[in-house]
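Structure first, commentary second.
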Amino acid sequence: MTIHGAQKHKTLKRYVLFFLFVGPALLVRTATSIYPVINTFHLSTLNYNLIQQVREFIGMRNFIYILSNEMFQSVLLFTLFFVAVSTFFQLLLGMGVAHLLNAKFIGRRLVRTINLIPWVIPMIVSAYAFRWLLAGDYGLISDWAFRITGSRPQLLLQASSARASLIAVNIWRNTPFMGLVILAGLQSIPEELYESAKMDGASWFKRFIHITMPASAATVVTLGLFNIIWQMSDIDLVLGVTQGGPGTATTVLAFRIYQHGMLWFDWGIASALSVLLVGLVAVISLIGLAIFKRYQFTL
Amino acid sequence: MIHKKAFLAVLCILAAAAMVLPAAGAREPEPEKIVVGVGGWAVEPTQRAVEELGFTEETGIEVEVVTRPGSPPEFLSQMSSAILGGTSPYDVIDIEDDVAIGFSRSGWLVDLDPLFDDEFWDDWPEAMLEMTETWSRHGGELFRVPHNYEAQYFWYRKDILDSYGLQPPQTWDEMVEVGKAVTSGDRYGVSDGLAQGAYLGVYITYLTQQAGGNVYDMGPEFEEALQFLYDMIHVHEVFPISALDKDYDQVNNDYMQDRVVMMRQWPFFYGVARSNPDWFAEDKAQVALPPAGPAEQVAYAGSWGWSVPTTADNMDGAMKFVEFMSRPEHQGPLAEIDTWFLSARDSCLEYMDGRGMAEYLELYSDAGVIGTRPFHPAGQEAHTVVEETAAAYLTNQMTLRQAVRQGRQRMADLD
Amino acid sequence: MTAESYRRRNTAVRILLYLSLGIFVFIALIPFYWMFLASLTPRHQLFSIPPNYFPDVTADNFAALIHQIPFIAYLVNSLVFSAASVLLSVILSFLAAYGFARIEVKGSSILLLILVLSMALPPIVTVVPLFQILRTLGLIDTITGITLVMGSVLIPFSVWVLVSFVKRVPVEMEEAATIDGARLFQVLWYIVIPAMVPALATIIIINFINAWNNLLFPLVFSHTEASKTLTVSITEVFQARTPYGRPWGVISALGVTMVVPMIILVLTAQKWIVSGLTRGSIK
C-alpha cells in the first residue's frame, strides 16, 4: 500500500467513525423534526380534513384564506405583540433579578433556588394556578382589588386585561431563566474589574454596558433567542390561562395550530399556519445569526 | 465456576417456563367477551346495569366496561389510529352528539338498523325520533341508538320568588322583569355557566333557537339572542358578567350559595342539589318550562347512545349488547339505576311514573317544548366560531354588527 | 462623605435590598400558595366569595386523585416517559457530542450548527406529520411513541452543552490511552465518561425536568392510561373527566403532586441545573 493510499484509508475510516458517533442523533432528528417540518410545507397546499374526509390539492388557497381573514390577522399581530413585550420585560426584569441575586445577603442560596422554581414547574400547572388566581369571582387578585377599590375586576373577561395577564404570566415564568443566565455572566467577571471601573467613576449604567453585557452577551443572545422561539411555539400557557379568550383576544398562532390540527382535524389549515410560524422563527433566527456574526460569538 | 452454574440455572428456568406457559395459555377456551367504552362517570352505572339486567346470563357474553377518552377530539384521534390499523379498543362505545358527527362521516360505525323492526320505534315519541333522524342517522343508516334524552331545564328558587309574590317567568321579557325584582347585592336574577370551550356555545344555541333560528346560520335570530344576553348583562344587570368565566360546577355552586335565583341547567343538577342536604329544600330547586323567546318556547335536548365500530373484535357480541340495552322492557329499570339512562321513550316514562327527574322530563315532553339540537357537519369548529363571535361582542371587543359579520365570514369558510 | 452618612446610606440600601427580595420571593411563589390552599380546601368552600383564606383543611382532594383518575398509572407513565426520554437523548447526544468535539472531518461544524439550530423548529409545527408517522407505525398512545419524539427534541440542547464539556476534557489523556492500545470504546468508558460525570449529571437532570414538564406530545399522541402522563391528566381533569365542570380542588391537588418532586429536585440539584443552563459558564 502506498503512503497516499494509507492516508486515504485513514481519512475514510475517520469519516465512518464520525458518522457512527453523530449519525444516530442526526437520524433521529431528521426523522422526527426536520422531515415533519418539510412535510408540513406539502400538507399546507392541501384541503385536508379528517372529519369531513377530504384530501385534495388546492395550492396556495389556505394561505390566501388565512391572510385575508381578520381573525387570523389579529392572531398573528397578537403573537408578535406577545413575544415582543414579553421579551422586553424579561430582559429588563432579568437584569434586575440577576443583580439582586448577585448582591450579598443572608439566605442567598435559598433565594437563588426559589428563583429557579417558576422555571422548573410544569408550565401547565402554573398556568392553571394563575387562572385560579385571576378568576373573576373566586380569585385572590380579584378579592384584593375588591378590598381596595370596592369592585371585582374580571381580568380574564376583558380583551386588554386578559392579554396583559397572559403576558404577565409569561414574564413571570421566563424572567428567572433570563436572570439566571445574566447572573452567570455577572459572576464570571472578576470583582477587581468592577472595583477599578467604580474608582474611575463609571456609572452603574456604563459598567453594565461595558463590563456586564460583553461577559454574558453570547449566552444571553443564544438562550434569549431560543427562549423567544420557544415562547412562540408554546401552547401550554394559553391552554391553561385563557384558552385563547375572551373571543380570540389571547389566541396565539401556536394555539391556533393546535386547535386546527388536533381538535378539529383540519390539517390543511393547521399546516399552513405552521408554515407561517416556521417563517417567523426563521426571521428571528436569521437576526440571531447576524448578531452572532457581527460580534463574532462562537457556539 | 459460579458463572457456569448461574447460566445453567437460568437455562433451566427458561426451559421450564417455555413448557409451562403454552400449557397455561391453552388451558380452556376463553369465555366470549365484549369491551364497552363509556365516559368515566358512566362506568359504574353501566356495570350495574349489565349485572342487574342479567346480560351475561342471557347471552353467555362477559362484559368489560372501560373508560373511553373524555374529550371528543382525543377520542377521535384514538379511534382514527385504531381503525386505520384495523382494530378497535372497544366493541361497543357510548358516544355523544359531537363525536357522533365525526365518527359517522368517517364511516367508522356499523349500521344498526337490522337489529330493530318497525314496531321497536313505536316506543319513541315524535321529538326523540326527530332527534335520532338528525343526530344518529347518516346516509340512511342508523349508526347510534340513543339511550338518554337530556333536555335543558329552567331551574328557579321558588322560595325567593314566593317571597316577592312572583311567578316563574313565561317569556324573555318576564325573565328580565323578575330578574330586576330579585337582583340585589351579590345576588343575581339569572345566571349560567358560560365559559368558552363548549359552555358558552350551548347557551347561545339555546337562546337562538328560542328566537326561532339555527345558531349556525348566524341570521337575525342569532343577533337577537346575542343582543338579549348582552342586555341582560350590561343594560338590565340581572345577569353577572362573571358568568362568562364559569363552568357548570361553579354556577351550580353560586346557585346553592343563594347568589342565583334562576338558571338553565342540564338534568344532573337534580342530583347535585340533593347531594347538598344542608342547603337543599324542595322549593329551592324547582323546574318550570323555559321562558319563551320571541319565536318559540323551546329547550333542545342532547343525547348519548350506543354505537359499534366497524373494526370491533366481537361484532356479534356487540350487536347483542346494543339490542339488549335498547329493549323497551329494559328502559325503565335502566333509568331507575341511573338518570344517565333516562329517556322520553314511552316504556321508560311509564315505568318511572314521575319519580325523580322523570317528573320534569314528562313535564317538558308533554308540553312539547323539547327541541332538536341544531346540526353542523364541522361540529366543534363551528361551535368554536359561535363562541368566539359571541364572546367578542359580550366582552365589548366589537359591536354586534362587526362580530356577526366576522362570524358569518368564518362560518361560510367552513363549508 | 462622612462615616455617619455613609452608614446611613448603606442601611437604606440594605433595607431596599431586603424589600426587593421580599417582593421577588412573594411574586415567585404566590401562585403556589394559592394552589396549595385550594388543594386543601373542601369542595363546597372552594367557590365562596370572598375566598376562604382559612378553609377547613381536608385531604379529600388528594383522595379524589386516587379514586377519580388512574393517578398511579399516570405517575408511572410520567416517570417511565421521562426516564426513557433522558436515556435516549443522553446516549445519542453524548456520542454525537464526542464525534463533533473530537473527530475532525470536513463539514462537521456546519452539521453541528444545523443540529443545534433544529432546536428552533417549533414542536407544535411537527405535530400533524408526526401524528401520521406514529399512526403508520402503530405508535399512537404508546410510551415508545412519545419517548421517541421527546428524546429527539432534547438532543440539540444536550449536544450543544456536552460538546463544550467534551472539549474541556484534556485530549492528552485520551491520546496517551490510545497509544497504550486501548480501544476507542474503552477510552470512552474509562476516561471520557468519568471525566464528564458532572456534565452528564447536569444534562440528565435538565432533560428529566423538560420531559417531566412536557405537555404537548402526550396531549396529542396519548389517549388512554396506557401512555397518558400527569401533565395531560391535569388538562383532562380540567375539561373532560366530569362533563359538568372543573374540580379546582382536584386540579390543585394534582398540581401539587407534580410540583413537589420538582421542588425537591431543585433544592438538591440546584448547582448542576444552573451550570447546565448556563453551559458551564458559572465557576
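The values are calculated or read from the model by the stated rules, or taken from the named source; none is laboratory data. Source: prediction; values computed, not measured. Counting neighbours? That spans all protein chains shown, and the Cβs are built from the backbone with ideal geometry, glycine included. Ligands, DNA and RNA are stripped out before the accessible areas are found, and what is left, the full protein with its side chains, is counted by its heavy atoms. Shrake-Rupley method; radii C 1.70, N 1.55, O 1.52, S 1.80 Å.
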Checklist entry - Any idea what the alpha-carbon Rg over 2.2 N^0.38 Å comes to for region C:3-46? => result 2.01
Item to check | Neighbouring partner chain Cβ atoms per residue of C:265-276, average, 10 Å criterion | outcome: 4
Next on the checklist: If I histogram all Cα-Cα distances within region C:70-277 using bins 10 Å wide from 0, what percent of pairs lands in each bin?
Outcome noted: 8, 29, 31, 20, 9, 3, 1, 0
Checklist outcome for this item: Measuring from its Cα centre, chain C shows a charge dipole (+1 at each Lys and Arg Cβ, -1 at each Asp and Glu Cβ) which, in debye to the nearest 20, is 740
Next on the checklist: If you take each beta carbon of peptide A:184-191 and count the beta carbons of other chains within 10 angstrom, what is the mean?
Outcome noted: 3
Checklist entry - Any idea of the total accessible area buried by the C-A contact, 1.4 Å probe, rounded to 100 Å²? => result 8800
Next on the checklist: With angles folded into 0 to 90 degrees, how steeply does helix B:315-326 sit against the dominant principal axis of chain B? Use alpha carbons for both and round to 10.
Outcome noted: 40
Checklist entry - If you count, for every residue in B:247-260, the Cβ atoms of partner chains within 10 Å of its Cβ, what is the mean? => result 4
Item to check | q = 0.07, 0.08, 0.14, 0.15 Å⁻¹, chain B: log10 I(q)/I(0) [Debye, one scatterer per Cα] | outcome: -0.40, -0.50, -1.31, -1.45
Item to check | J(HN,Hα) series, region B:372-379, from Karplus relation 6.51 cos²θ - 1.76 cosθ + 1.60, nearest Hz, glycine and proline x | outcome: 9, 5, x, 10, 9, x, 7, x
Item to check | Charge sum, other residues only, whose C-beta stays under 12 Å from A:P246's C-beta, Lys/Arg counted +1 and Asp/Glu -1 | outcome: -2
Item to check | Highest-fluctuation residue, B:E282, B:E359, B:E133 considered, GNM on chain B with Cα pairs under 10 Å | outcome: B:E282
Checklist entry - Across region C:207-224, in residue order, what do the Karplus-derived ³J(HN,Hα) couplings come to in whole Hz, using 6.51 cos²θ - 1.76 cosθ + 1.60 with θ = phi - 60° and x for Gly and Pro? => result 5, 4, 4, 4, 5, 4, 8, 5, 10, 3, 5, x, 4, 9, 10, 10, 10, 9
Checklist entry - In region C:70-277, with Lys and Arg counted as +1 and Asp and Glu as -1 at Cβ, which of these residues, C:Q270, C:V159, C:I91, has the Cα nearest the positive end of the dipole, that is, farthest along it? => result C:Q270
Next on the checklist: Using only the alpha-carbon atoms, what does region A:3-43 span along each of its principal axes? Please give whole angstrom values in decreasing order.
Outcome noted: 53, 17, 6
Checklist outcome for this item: Of the candidates C:V80, A:L223, C:N10, the farthest towards the positive dipole end of the protein assembly as shown (Lys/Arg Cβ +1, Asp/Glu Cβ -1, centred on the Cα centre) is C:N10
Item to check | On Cα atoms only, tilt of B:400-414 relative to the major axis of chain B in degrees | outcome: 30
Checklist outcome for this item: The simple spin-label model distance between B:E296 and C:S109, using points 7 Å out along Cα→Cβ, in nm, is 7.3
Checklist entry - Normalised by the residues of chain C, what does the relative contact order come to in percent, with Cα pairs under 8 Å and at least six apart? => result 28
Checklist entry - Out of every Cα-Cα pair in the protein assembly as shown, what percent are more than 58 Å apart? => result 17
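What relative contact order, as a whole-number percentage, does chain B give when Cα pairs under 8 Å and 6 or more residues apart are counted?
Averaging sequence separation for qualifying contacts and normalising by length gives 23 percent for chain B.
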Next on the checklist: Angle check, please: helix B:199-210 long axis (alpha carbons) against the longest principal axis of chain B (alpha carbons), in degrees 0 to 90, nearest 10.
Outcome noted: 50
Item to check | Inverse of mean 1/r across different Cα pairs in region A:69-295, Kirkwood, Å | outcome: 19.6
Checklist outcome for this item: Label model pair A:A290, C:K167: point-to-point distance (7 angstrom along the Cα→beta-carbon line) in nm is 2.6
Checklist entry - Of A:K104/C:K271; A:K206/A:K293; B:K33/C:K228; A:K104/A:K198; B:K246/C:K228; B:K180/B:K284, which sit over 22 Å apart, Cα to Cα? => result A:K206/A:K293; B:K33/C:K228; B:K246/C:K228
Checklist entry - Across all directions of projection, what mean area in square nanometres is found for the Cα convex hull of region A:230-299? => result 5.9
Checklist entry - List the aspartates and glutamates whose alpha-carbon lies under 16 Å from that of A:K8, not counting same-chain residues fewer than 8 positions away? => result C:E104
Item to check | Furthest towards positive pole of dipole, A:F41, A:F78, A:L26, structure part region A:1-109, Cβ charges | outcome: A:L26
Checklist outcome for this item: Magnitude of the Cβ-charge dipole (Lys and Arg +1, Asp and Glu -1) of the protein assembly as shown about the Cα centre, nearest 20 debye, reported as 8260
Checklist outcome for this item: Membrane-span-like helices (DSSP H runs, Cα span along own axis at least 15 Å, mean Kyte-Doolittle at least 1.0) in chain A -> A:70-102, A:123-134, A:213-233, A:267-295
Checklist entry - How much mean residue ellipticity at 222 nm does chain B get from its helices, if each DSSP H run of length 4 or more adds -39500 (n - 2.57) and you divide by all residues, to the nearest 500 deg cm²/dmol? => result -14500 deg cm²/dmol
Checklist outcome for this item: Scalar couplings 3J(HN,Hα) for region C:32-46 by Karplus 6.51 cos²θ - 1.76 cosθ + 1.60 (θ = phi - 60°), nearest whole Hz, x for Gly and Pro, are 6, 4, 5, 6, 4, 4, 5, 5, 9, 8, x, 3, 6, 9, 6
Next on the checklist: Suppose each label sits 7 Å from its Cα in the direction of the beta carbon; what would the C:I23-A:I148 distance come out to in nanometres?
Outcome noted: 1.2
